[in-house]
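**Student:** Quick one: the structure is below, questions incoming.
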Amino acid sequence: MAIRLNPKLIADYQAWERATNTDLPGRYAMGFHGAPVFSLYNHDMPIASQPADCGNDDGRMKLWFTGATTPFEARNLNLDCADIRRLLSQLDGKTPFEQVCRQHSARFPEQQVRQLVEGLLGLAVFLPDAIEKLEVGIRRVEIVRFPIQSPYLVLREYWSNCCDVRTHLEDFLENLGSSQEFRAALANLHVLATLGADLETRYGGSGGIPTVPGGYRMHPVRTGLTARKSQFLDEHLKRLGLRPIRRDEYFAFSETGILLGAVAEEGRVFRHPPADGGHLDKLLEETRIAMVRAREDLVDGRRESLLLSLSRFHKLFLHAHPFYNINNSIAMNIVNYCLSRAGFGVIPHLLLDFIALRTDFDVYAEVFVQAVRNYAFDTAPGNEDDQILSRIVQDHRLVLSTDSWKGFKERWYTNS
C-alpha cells in the first residue's frame, strides 16, 4: 500500500531541508574531521568522562581529555570548570539527558548544556545504548562510504531511516510483479529514507533541487565528481586489471537499447536520462527486471549469479536516479539486504556509485564482485572486521592522497 503524504507535510519538509542544507562530515567530507552530527535526544542516557585539565582562555573554555591530541574548545558558554565537571559527572549512563538539564535549569539554559554535551559526543560523551540499538537495526559499516569514522559523525536520522527502510525490504521484494507495483514500493522506501516510519525523522539532500519524499523526478539531472577523484577511480580499476572509466563524451545504452545517460566533461559529469519521453519509465522497468532476477537467484540459492544480478540492479538504479535526492543509500540498502540473506555479509558504499555510472556492465560487475570479496563484513560484528577495515583504510588513504575533499559535495541539479 502506498504511503500517502499531504502537501503541507512535504512543504514543511522542504522548508526544513533548505534551512539545514549543510556539507556534513561522514557524508561528503572524506577526511572525517569536524564537529559531531549525531543528534542528542532528551531520552538518551549519555555517559561521560572527566577532562584531565580545564581552563579559560580569552572567553574560550578549553578541555583536555586523556587520549585526545587537541583540546576541545567551547565558546560562548557561561560555565566554568567546576560547572563542567559537575555536569559531566551526572552523565552516568543511567540518567536521561532531559533530567540532567532540569537539574541545571536554575543556573544554565538547556541550550548551553546541550551545546556542550553535543560538542563532546564521541570525544568524552557517549551514547552506547543509542548506537547499539541502531547497529541492531542496520550496521553502520553498510550505510557509509568508508566505515572508519566515529559513529557520532553519522547523522542519527539518516541511520534511523536506513533501519526503517531495511525493515520494509521483504515487502519490497514481494512487490516486483509489475512496473506499477515496483514504483509504488520503491516510492515507499524513499518516504522512509527521507521521513522515517513516523514521518517525522527528517533526512534531506544537500543539492540545489528540493527533495520530494516518494516523488519521482520530473526533470533532467546530472551528477558530478572532481577530476582528481576520477584519477583515483582509474587507478583503482587498473589495480583490478580493468578498463578505466569512460571520459569521452558519449551516450550510454543498455544491451536492450535503453538510454542510460551520457558522460560529459572528461567524465566529471554524468547526465541522467530525462524523465519525459518514456526514458525514465523504460529504465525503471529494466531496473525492476534486474531486481526480479536477483530475487530469483536469492530464492534458488544461486550465489554467484546473485552477485551479477545485484551489480546490474545497482548500476541501472544509479543511471535512473529516480528521485531528486537520496538514491544510492536506498539502492545499497536493497543490495546489502540481499547479500546478507545470501550469506555474503554487507559492504560499505565505497565509491561504487561513481564507478557504476562510468563503466560498462561487464566492468562494473567485476568491480562489484571484487568489492563483495574484499570488503564484505559479517552481518553481525566479528573477528574479521579488523582485517576488512585495514584494507578499507589503505584505500581511504589513496582517496585522500589523490583528491582534496574539503568543501566538496556531489552536485545534483537540473540541466539548463
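The values are calculated or read from the model by the stated rules, or taken from the named source; none is laboratory data. What you see is a predicted model; the values in this text were computed from it and never measured. Positions of Cβ are backbone-derived with ideal geometry, glycine not excepted, and every protein chain shown enters the neighbour counts. What goes into the accessible areas is simple: the full protein's heavy atoms, side chains included, and nothing from ligands, DNA or RNA. Shrake-Rupley method; radii C 1.70, N 1.55, O 1.52, S 1.80 Å.
**Student:** Which ones in the range 283-307 are basic (K, R), part of a helix (DSSP H, G or I) and open to solvent by 60 Å² or more (accessible area, probe 1.4 Å)?
**Tutor:** Listed by number, the residues that qualify are R293, R295, R303.
**Student:** Sort out which residues of the range 42-69 are of a type in the set (S, T, N, Q) and in a strand (DSSP E or B), and write them in order of number.
**Tutor:** Within the range 42-69, just N56 meets the criteria.
**Student:** Oh, and also: Could you run through the range 266-286 and say how many residues are without any contact (Cβ under 8 Å) to a residue 60 or more places away in the chain and within 26 Å of the chain's Cα centre (by Cα)?
**Tutor:** 8
**Student:** Taking the criterion of being touching a strand residue (DSSP E or B) at 6+ places or on another chain (Cβ under 6 Å) and either farther than 25 Å from T20 by Cβ or buried (at least 20 other Cβ atoms within 10 Å of the Cβ) (or both), would at least one residue in the range 147-159 satisfy it?
**Tutor:** Within the range 147-159 (the criterion being touching a strand residue (DSSP E or B) at 6+ places or on another chain (Cβ under 6 Å) and either farther than 25 Å from T20 by Cβ or buried (at least 20 other Cβ atoms within 10 Å of the Cβ) (or both)), the answer is yes, since at least one residue qualifies.
**Student:** Among the residues of the range 77-132, write down those that are hydrophobic (A, V, I, L, M, F, W, C), in contact (Cβ under 8 Å) with a residue 40 or more places away in the chain and closer than 16 Å to K62 by Cβ.
**Tutor:** Hits for the range 77-132 are L88, L116, L120, L123, A124.
**Student:** So, in the range 46-97, of the ones that are in contact with a Gly (Cβ under 8 Å, 6 or more places away or on another chain) and surrounded by 15 or more Cβ atoms within 10 Å (Cβ to Cβ), which residue ends up nearest to L120 (Cα to Cα)?
**Tutor:** Among residues in the range 46-97 that are in contact with a Gly (Cβ under 8 Å, 6 or more places away or on another chain) and surrounded by 15 or more Cβ atoms within 10 Å (Cβ to Cβ), the one nearest to L120 (Cα to Cα) is F72.
**Student:** May I ask you to list the residues in the range 399-416 that are modelled with pLDDT of 75 or more and surrounded by 14 or more Cβ atoms within 10 Å (Cβ to Cβ)?
**Tutor:** Once the filter is applied, which keeps residues that are modelled with pLDDT of 75 or more and surrounded by 14 or more Cβ atoms within 10 Å (Cβ to Cβ), the range 399-416 yields V399, L400.
**Student:** On to the next question. Considering only the range 166-275, give the helices (runs of 4 or more DSSP H) lying wholly within it that have at least 3 residues that are modelled with pLDDT of 95 or more and out of contact with any Cys (no Cβ under 8 Å at 6 or more places or on another chain).
**Tutor:** 169-173, 179-195
**Student:** Would you say Q394 is modelled with pLDDT under 95, part of a helix (DSSP H, G or I) and open to solvent by 30 Å² or more (accessible area, probe 1.4 Å)?
**Tutor:** It is true that Q394 is modelled with pLDDT under 95, part of a helix (DSSP H, G or I) and open to solvent by 30 Å² or more (accessible area, probe 1.4 Å).
**Student:** What number of residues within the range 283-342 satisfy the criterion of being in contact with a helix residue (DSSP H, G or I) (Cβ under 6 Å, 6 or more places away or on another chain), acidic (D, E) and more than 18 Å from A356 (Cα to Cα)?
**Tutor:** Total satisfying the criteria: 2.
**Student:** Please list, ordered by first then second residue, the pairs with beta carbon atoms under 6 Å, 6 or more apart or interchain, first in the range 302-318 and without any contact (Cβ under 8 Å) to a residue 40 or more places away in the chain, second open to solvent by 20 Å² or more (accessible area, probe 1.4 Å) and of a type in the set (K, R).
**Tutor:** Close Cβ pairs (under 6 Å, with a partner that is open to solvent by 20 Å² or more (accessible area, probe 1.4 Å) and of a type in the set (K, R)) amount to S309/R293.
**Student:** For the range 65-92, which positions are touching a Phe, Trp or Tyr at 6+ places or on another chain (Cβ under 8 Å) and farther than 18 Å from R114 by Cβ?
**Tutor:** F65, P71
**Student:** Would you pick out the residues in the range 77-91 that are not in a helix (DSSP H, G or I) and not acidic (D, E)?
**Tutor:** Hits for the range 77-91 are L77, N78, L79, Q90, L91.
**Student:** Further, regarding this structure: May I ask you to list the residues in the range 218-231 that are farther than 15 Å from G261 by Cα and open to solvent by less than 10 Å² (accessible area, probe 1.4 Å)?
**Tutor:** Of everything in the range 218-231, those that are farther than 15 Å from G261 by Cα and open to solvent by less than 10 Å² (accessible area, probe 1.4 Å) turn out to be L225, K229, S230.
**Student:** Can you tell me which residue is most open to solvent (accessible area, probe 1.4 Å) among those in the range 171-212 that are charged (D, E, K, R), farther than 30 Å from V299 by Cβ and over 18 Å from the mean Cα position of the chain (by Cα)?
**Tutor:** That would be E200.
**Student:** Which condition number does L237 fail, the rest of (1) more than 27 Å from Q370 (Cβ to Cβ); (2) touching a residue at least 24 places away in the same chain (Cβ under 8 Å) being met?
**Tutor:** With respect to (1) more than 27 Å from Q370 (Cβ to Cβ); (2) touching a residue at least 24 places away in the same chain (Cβ under 8 Å), L237 is out only on (1).
**Student:** Identify, by number, the condition in (1) under 26 Å from G301 (Cα atoms); (2) hydrophobic (A, V, I, L, M, F, W, C); (3) not in a helix (DSSP H, G or I) that L350 doesn't meet.
**Tutor:** (1)
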